[in-house]
Structures are given as structure tokens and as C-alpha cells.
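For reference, the structure is listed below as C-alpha cells.
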Amino acid sequence: MGKRQPEGPPPAPAAQRIRLRYTKRGRLRFTSHRDFQRAFERALRRAEVPMAYSAGFTPHPKVSYANAAPTGTGSEAEYLEIQLTEARDPETLRVLLNASLPAGLDITDAVEARTPGLADRLQASVWEIRLDQVAPEEAGRAVAAFLEADTVEVERRTKNGLRTFDARAAVARLEAFPLRADRPGDTGCAILRLVVRHLTPAVRPDDVLSGLRATADLAPPVPAAVTRLAQGLLDEESGTVTDPLAPDREAAQAAPSTAAELTAAMAPEGSA
């Protein structure tokens, strides 16, 4: 008997790659990465996006996800890349996909991929942690103790068992701020703003909270609200994180987009 042949036509070659920035807001922060994948692939079908597909017996749309935030954390800066068989205007595509995604999973930016290595640019994340019922002065003392430590060992249970690692080495910047009470009688809260390098093993915001508890006995009475504000290239000197899509925008300004090139090529001769 001969070898079984793959079902269906071979996948079409990719004509364009689009990079998207999206959010996880409100209750959608509890959406798992797999749940988001399903919702996003449904949105691709509803928006009739001309996706490129993988080869094999069960072809999948070519979508590359980069460094997804943990389930339960909000985010303003998640990234992915899709491959298309036909060129599309990135902004038009963004609007169409948003119309098919639930509120809270919002695509806030779309650019044509003009440079390699998006994942390599995601070197660090900016996180905000809201500590309700924690006095800003208490949070400030805990932050100072954490930063003064050479190492801060924390434990996390992984699929391979309990693992111990240094949370301090990953933190490039950590600050505490007060948040004024919204209503009379409210106690207010403390806000932590931190920049965390993407190392192996990955250090998460809850690992930093474990480190604050270990170094300064900081134990918030209610669960912390965690949101990723940005991720991208890390400037070690200033401790800031830059937009990872900026190189693609700069490259697009220097050369016409794939969509514009195809439109020009298909235009009748002599047209304005």
C-alpha cells in the first residue's frame, strides 16, 4: 500500500505578515491562552481574513503568539503575528477583527511585518500591581527591602514539581505609589510599578509579591490586581521598555506596504 496523502489542497504561500497588539481587560483577564486562541480564530473566520495555513492532515491558521500573560492578569500589551495569502490594509483588518471579538479582547494596533524577530524584541514587561488595603508607606518599605537584597529566592509549583529561583535578578525597576481613595471613607491602596526582564525561568508578578512577603512580610489582605502595561525592548540604563512594533513602522515609512505595491501593480496602465 502506498503512503497516505494529505487531505485537501496544499497551503498557499504567505503574501503578507501582520503583527497585532491586543488587550485582556475586565473579566476577560481570566481568559486562558487556549480560550483566546479559539476566540481569535473564530474572529479570523468571521472577518473572512485570507489566512495562510500549515501543511499536514489537520491544517491550522498560521498564527504566532508571543509571551502571553498568565491567566488572571490583565494586559494592555499582548502580541501576535498572522500570515496572509493576500495582502490587506493593517488598520482595516484591525477594525474587522475587533468587530468579531468580545469586548475586553481588543486589538489596539496593527502593522505590516517589515523586520524580523518580533519575539526577540520582547525583552521585558512593565507591570502594575494594585494592592488594596495596603498603605503606600508599607508598600514603599517593602520595595526598599526587596531592592536592597542581592537575591530573593521564591518557590513556585510547576508541572515538574516545586522550583526555587531568584526573583530579584529579573526586576530591573520597582516603585511604589499611593492611589487616592475614590470615595470618602475608602482606605485607598498602594500601586506597584515594576519592570521585569524576560528570563528563564520566567519571573511573574506573583513571584515578585512572594519576594516582597519573604523580604518584608508584605501580605496584602485581598488578592492583588495585576495588569501588564507594556512589553518590548529594555533600556537597561533608564529601566524603560520601548514599543516592539516601532521598527516595523519605521521600515514601512521607508518603503511602500505590500498592499500598496499590489494595488499599484494591478492598476490599469495610464491611470492616475
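One table, with the values for the structure above:
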{"read-out": "All positions within the range 187-218 that are in contact with a helix residue (DSSP H, G or I) (Cβ under 6 Å, 6 or more places away or on another chain), open to solvent by 20 Å² or more (accessible area, probe 1.4 Å) and either under 17 Å from I129 (Cα atoms) or in contact (Cβ under 8 Å) with a residue 40 or more places away in the chain (or both)", "value": "R197, T215, A216"}
{"read-out": "Verdict on E128 being open to solvent by less than 60 Å² (accessible area, probe 1.4 Å) and part of a strand (DSSP E or B)", "value": "yes"}
{"read-out": "Only listed residue being of a type in the set (A, V, I, L, M) and in contact with a Cys (Cβ under 9 Å, 6 or more places away or on another chain), chosen from L245, L179", "value": "L179"}
{"read-out": "Single unsatisfied condition, R94 versus (1) farther than 30 Å from A172 by Cβ; (2) open to solvent by 60 Å² or more (accessible area, probe 1.4 Å); (3) part of a helix (DSSP H, G or I)", "value": "(2)"}
{"read-out": "Residue match in the range 54-63 (condition: outside any loop (DSSP other than H, G, I, E, B), touching a residue at least 40 places away in the same chain (Cβ under 8 Å) and either open to solvent by 40 Å² or more (accessible area, probe 1.4 Å) or not charged (D, E, K, R) (or both))", "value": "no"}
{"read-out": "Subset of the range 97-125 [open to solvent by 30 Å² or more (accessible area, probe 1.4 Å) and in a helix (DSSP H, G or I)]", "value": "N98, A99, A119, D120"}
{"read-out": "Among the candidates E76, E137, E155, residue that is among the charged types (D, E, K, R), more than 18 Å from R19 (Cα to Cα) and in contact with a Leu (Cβ under 6 Å, 6 or more places away or on another chain)", "value": "E155"}
{"read-out": "Residue within the range 160-183 that is closer than 29 Å to R38 by Cβ, in contact with an Asp or Glu (Cβ under 7 Å, 6 or more places away or on another chain) and surrounded by 13 or more Cβ atoms within 10 Å (Cβ to Cβ) present", "value": "no"}
{"read-out": "Leading residue by the ranking (farthest from H198 (Cα to Cα)) among those in the range 235-257 that are touching a Lys or Arg at 6+ places or on another chain (Cβ under 7 Å) and not small (G, A, S)", "value": "D248"}
{"read-out": "Check on A77, buried (at least 17 other Cβ atoms within 10 Å of the Cβ), aliphatic (A, V, I, L, M), assigned to a strand (DSSP E or B) and in contact (Cβ under 8 Å) with a residue 60 or more places away in the chain", "value": "yes"}
{"read-out": "Qualifying residue in the range 166-184 (condition: in contact with a helix residue (DSSP H, G or I) (Cβ under 6 Å, 6 or more places away or on another chain), farther than 24 Å from L245 by Cβ and not in a strand (DSSP E or B))", "value": "yes"}
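The values are calculated or read from the model by the stated rules, or taken from the named source; none is laboratory data. Quick caveat: nothing in here was measured; it's all calculated off a predicted structure. When we count neighbours, we look across all protein chains shown, and the Cβ atoms used for this are built from the backbone with ideal geometry, even at glycine. Surface accessibility is based on the protein's heavy atoms, side chains included, excluding ligands, DNA and RNA. Shrake-Rupley method; radii C 1.70, N 1.55, O 1.52, S 1.80 Å.
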